[in-house]
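Structure first, commentary second.
Nothing in this text is a laboratory measurement; each read-out follows from the coordinates by a stated rule. Keep in mind the model is a prediction, meaning the values are calculated, not measured.
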Amino acid sequence: MNKFNQALEKYAKYVIQQARSNLSKDGKGKGSLYKSLSYRIKGSKISFLAENYGVFVDQGVKGNDPSRVSPNAKIKGQQAPNSKYRFGSGKSNRTFQEFVNAMSKWAKQKNIRFRDEKGRFKAGNYKSLGYVIASNIYNRGLKPTMFFTKPFEKGIDKFSDEMIQGLLDDNLKLEE
C-alpha cells in the first residue's frame, strides 16, 4: 500500500471511530446507525457508508410547522432552522402513517408511555403515542447532532499534511 492510501486509511478509521464515539455519547451506541458506519477506499477515493437516515441524524431536519406543536410540549420551536432537509417537502416516498407506525414501534421498544402531571401512567395505546411523537417531530423537526460532520472536518485538519506528503512521496521522484 502506498503512503497516500495509508494516510487515507488512518483518516477513515479516525472518522468512523469518532463518529461512533459521538453516537455513544448521545445514547445511540447500540443502534443500527452505529453498526452501519464503515468506509471503502477504491483507488485514491474514499466513501463513507451508513444507514440512509444517518444524514438526517447528522444534519437535522427542519420541521414543517412549529406553530402546530402542542403548547404543553417541553421542546418548542424549529429544531434545525439551517438544515437543507425539511419534513413535508414531498421528496420522501414514505407516508405519514408509516412514520406513525415506526414511532409506535420505537415507543413500544423503549417502553415509553403516556403519563399525567404526577408521573403516573395514563390511558393511551402505542398507536396514539406514536401519532403524538410523529406529529411533534414532523412539525418541529430534528435537531442536528453533527455526529459525523465534526470528525470528518476535524480529521481533514488532522490528517491533511500526512495525506499531501504521502501523495508527494508516491508521485514525485527526484533524479540525482
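Per DSSP helix of 4 or more residues, -39500 (n - 2.57); summed, then divided by the residues of the chain. What does that give at 222 nm, rounded to the nearest 500? Show your work: numbers first, answer last.
Details: 6 runs with 86 residues, N = 176.
It lands at -16000 deg cm²/dmol.
Helix screen, the chain: DSSP H segments with Cα axial length of 27 Å or more and mean Kyte-Doolittle hydropathy at least -1.0 are 3-25, 149-171. Across the chain, the relative contact order, built from alpha-carbon pairs under 8 Å that are at least six residues apart, equals 34 percent.
Annotation: extensible slack from Glu153 through Arg68 equals 27.0 nm (criterion: 0.36 nm per residue apart, minus Cα-Cα distance).
Pairs of Cα atoms nearer than 8 Å and 6+ residues apart set the relative contact order; for the stretch 64-141 it is 47 percent.
What pairs in Lys110/Lys143; Lys3/Lys35; Lys76/Lys127; Lys3/Lys158; Lys13/Lys173 have C-alpha atoms more than 18 Å from each other? Too far apart for the 18 Å limit: Lys110/Lys143; Lys3/Lys35; Lys76/Lys127; Lys13/Lys173.
Compactness of the stretch 43-121 was expressed as the Cα radius of gyration divided by 2.2 N^0.38 Å, which yields 1.44.
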